[in-house]
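The next block holds one structure in the form of structure tokens; read it before the comments.
The values are calculated or read from the model by the stated rules, or taken from the named source; none is laboratory data. The model shown is predicted, which means the values in this text are computed figures rather than measured ones. In this analysis, Cβ positions are derived from the backbone assuming ideal geometry, glycine residues included, and neighbour counts consider all displayed protein chains.
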């Protein structure tokens, strides 16, 4: 027995649940229905500013990773002011700094992922084929081992390139997107012509971003939107001032904007001249122009999971899957309430369609939480970082392994968390994230069977995982205490509120016989011996037969949790 316990796999440390932070800002969009003259002016301004911003980005990359006071931003801004304006120059230098810092973080993440993949392949190559050393399994045959050796060499080459870039502090940045650059060499596969690709490339490299400024008219002096009539005016760069149709080198577009979504928040800011950032973008596929307004939100401290639990509110626990969302409502004591909830999640089609379906699924979750009186929603803190880096080595091989890896890669963990965080916050709901370790396995082992017996609909292992997720958010153990779920309707309706607390009790024996007239003592929920879930219940009288008689039925089904037996 001691050897068997010593050989068991050690469980990893489970992190504490935490409340997902509120959104740090807001971003809204409206369409600009520009005419031919407006489109020509916007293209000229965007190309002029984009060319100088790319030059400034190259200069910033050449400086390298230095403290903020040594990035020479003042000198670069002064140089850009001569060809644009002071506010345009400030926006360009700020964008260059943000792009550089983001590129360096991406390099560090890529290096960490390559190191994990190289380490996993190296450990498996050290084990002979079709053998196992501890928990490390060797490859199936020599052919697969040879392919892994080639892949290891390729990963080491990539790692050397990343290490060199980090040492030089010069990341590789493609303004317009690396995917669009690669598409240029595969126009036939992308079903594009050279002219169509060139249009997309030029549209992606436009720079029409103006940072907000508190105290400026309507929160932004460079791109200003009048709340009275929705007119949009732009300050033209110095070389393009001859295109102005308004005083002081400004150009007024012929169209207007309204910002129907979250309009009241936008009006609250611009009417008191608080900073609002504006971005003008072009969509060459649809031949449309858009204006985005964004602003930062004040930091708000949301209640912690302990405070939510102390308030005594319900929570909606959600298990995210590739094609659906499985949810269950839990009361403050960790007991599942009602029937299991399933929300479809079909993520096929283009990006906008997938995003719309994800929003629809999140909206349905919020409506369910409000209908059941929940204080918040519980989700798993999923990332799949290790799975994406070492998926071929740890997530199966062959056709089934490839299908499983594609399923995992298709789960929108980051987008789901961000959409849910913002939409739930504006509906007054709290989002709690928990550690995803063992929720599916333990939920299936301890909750699927009892919930399936109790529910009118089919309970899947994903619904059981949702119960485990919710109990972890409340700080309870995932393992059920005996009697939390039962087949008897009266016992299921009269659960004790303290059943999530571990209380010692007798195991292996049924309750002692007790007649109906015996005074009720203790915390039992049944009033007679015939109400108890025991192996041989009290005899019941069969009516309608000639001469009433007692009938003793056979053994009834018993919840294993009540007898101390393991299912």
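Points to keep in mind about this one:
- Residue tally, condition surrounded by 14 or more Cβ atoms within 10 Å (Cβ to Cβ), in contact (Cβ under 8 Å) with a residue 24 or more places away in the chain and in a helix (DSSP H, G or I), over region 166-195: 2
- Residue in region 265-278 that is in contact (Cβ under 8 Å) with a residue 60 or more places away in the chain, in a strand (DSSP E or B) and assigned by TED's automatic domain parsing to the domain that holds residue 462 present: no
- As a summary of the residue check, residue 159 satisfies the conditions (1) under 30 Å from residue 251 (Cβ atoms); (2) under 29 Å from the mean Cα position of the chain (by Cα); (3) modelled with pLDDT of 95 or more except for the one numbered (1).
- Residue check for residue 102: surrounded by 14 or more Cβ atoms within 10 Å (Cβ to Cβ) and in the same structural domain as residue 172 (by TED's automatic domain parsing): no
- Per-region count, region 221-240, residues farther than 18 Å from residue 207 by Cβ and in a loop (DSSP other than H, G, I, E, B): 5
- Some residue of region 16-24 being in a helix (DSSP H, G or I) and either out of contact with any strand residue (DSSP E or B) (no Cβ under 9 Å at 6 or more places or on another chain) or closer than 28 Å to residue 169 by Cβ (or both): no
- Single unsatisfied condition, residue 145 versus (1) more than 31 Å from the chain's Cα centre (by Cα); (2) more than 30 Å from residue 126 (Cα to Cα); (3) assigned to a helix (DSSP H, G or I): (2)
- Condition met for residue 249 (at positive phi, free of Cβ contacts under 8 Å to residues at least 24 places away in the same chain and not assigned by TED's automatic domain parsing to the domain that holds residue 434): yes
- Selection status of residue 283, in the same structural domain as residue 215 (by TED's automatic domain parsing), within 26 Å of residue 86 (Cα to Cα), out of contact with any helix residue (DSSP H, G or I) (no Cβ under 7 Å at 6 or more places or on another chain) and surrounded by fewer than 21 Cβ atoms within 10 Å (Cβ to Cβ): no
- Between 409, 433, 387, the distinction of being at pLDDT 75 or above and touching a helix residue (DSSP H, G or I) at 6+ places or on another chain (Cβ under 9 Å) belongs to 433 only.
- Count - residues of region 412-444 that are part of a helix (DSSP H, G or I), without any contact (Cβ under 8 Å) to a residue 24 or more places away in the chain and over 12 Å from the mean Cα position of the chain (by Cα): 3
- Restricted to region 62-73, and to residues there that are in contact with a helix residue (DSSP H, G or I) (Cβ under 9 Å, 6 or more places away or on another chain), assigned to a helix (DSSP H, G or I) and surrounded by fewer than 19 Cβ atoms within 10 Å (Cβ to Cβ), the residue that is modelled with the highest pLDDT is 63.
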